[in-house]
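Enquirer: Encoded as structure tokens, here's the structure I'll be asking about.
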Amino acid sequence: MSKLQETLSTVGSELSVTEAIYRRRAVREEPWAFVVVQDRAALKRLSDDARKTTHDQERNVHLPGEAKHHFRIPENFMLAACAMGLGTCVIGLAVKALNDPKWKKEFNVPAGMIAYAPIIVGIPKGEAPAVERREPEILAWKSA
């Protein structure tokens, strides 16, 4: 087992504990599942498909209203990975491709399940440099 596989296994276990604490449900129907892809050829095909889909269709990804509640799960996953020294990145351009029936079939994802947050995980080569950001534009600030 590689260092990355070992670490991912630990991250998955830690995520399970985090979810048990913060998102308990009486009927134990947690709404999350994972697909782990380490096959570089499959990742390359998925990347090519995602880029084609992005160029062929509009760039905006419209997710169902309940999606906003599910982003706590990827956030917890990414925080746990970061605490273990791993780097992560949400690949939003892959959402449409992953919800295509062809990819669902390849990754054994049920037709009714929706991909919300494709995340890549890796071992960083070093510290990431700080990125200069512009100040946000505040469109409204209402006080009582």
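The values are calculated or read from the model by the stated rules, or taken from the named source; none is laboratory data. Keep in mind it's a predicted model, so treat the numbers as computed, not measured. Reconstructed Cβ throughout: ideal geometry from the backbone, glycine too, with neighbour counts over all protein chains shown.
Enquirer: Quick one: which of Pro31, Pro101, Pro64 is surrounded by fewer than 16 Cβ atoms within 10 Å (Cβ to Cβ), over 22 Å from Pro124 (Cα atoms) and at pLDDT 80 or above?
Expert: Of Pro31, Pro101, Pro64, the one residue that is surrounded by fewer than 16 Cβ atoms within 10 Å (Cβ to Cβ), over 22 Å from Pro124 (Cα atoms) and at pLDDT 80 or above is Pro101.
Enquirer: Inside segment 38-61, can you point out the residues that are surrounded by 15 or more Cβ atoms within 10 Å (Cβ to Cβ), hydrophobic (A, V, I, L, M, F, W, C) and at pLDDT 70 or above?
Expert: Result: Leu46, Ala50.
Enquirer: Let me ask something else about it. Sort out which residues of segment 104-113 are of a type outside the set (D, E, K, R) and surrounded by fewer than 17 Cβ atoms within 10 Å (Cβ to Cβ), and write them in order of number.
Expert: Phe107, Asn108, Pro110, Ala111, Gly112, Met113
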